[in-house]
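Any read-out appearing in this document is the output of simple, stated calculations on the displayed coordinates, not a laboratory observation. Just so you know, these numbers come straight off a predicted model, no measurement behind them. Cβ sites come from the backbone with ideal geometry, for glycine too, and all protein chains shown count toward neighbours.
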Amino acid sequence: MIAIISKPINFLKEAKVELSKVAWSTRQELTGATVVVIAITLILGIFIGIIDLLLSKGLSLILK
């Protein structure tokens, strides 16, 4: 019975120790990374949309 209680408590203590070792990003670094991810996502979305449009038009011309 004691093992059932002590294992989760031990896990939480070890998790707290490990989380204290993590090098957390600053708000500025996090904001910069977020902007980069959003910009790349938009650029790739536009690129894939243009390719899709061109392939759709080309395929519709071939199949007519």
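Per-residue Karplus couplings for region 53-64, computed as 6.51 cos²θ - 1.76 cosθ + 1.60 with θ equal to phi - 60°, are listed in order as 4, 5, 5, 5, 5, x, 5, 5, 6, 5, 7, 6 Hz, Gly and Pro entered as x. Judged by the gyration tensor of its Cα atoms, with axes a ≥ b ≥ c, region 1-61 is oblate; a/c meets the 1.5 cut and b/c is at least as large as a/b. Here the Karplus relation 6.51 cos²θ - 1.76 cosθ + 1.60, evaluated at θ = phi - 60°, turns the backbone of region 38-45 into coupling constants of 5, 5, 5, 4, 5, 4, 5, x Hz, with x for every Gly and Pro. Distance between the C-alpha centres of region 27-64 and region 1-16: 47 Å, rounded to the whole angstrom. Each Lys and Arg Cβ is given +1 and each Asp and Glu Cβ -1; about its Cα centre, the chain then shows a dipole of about 100 debye.
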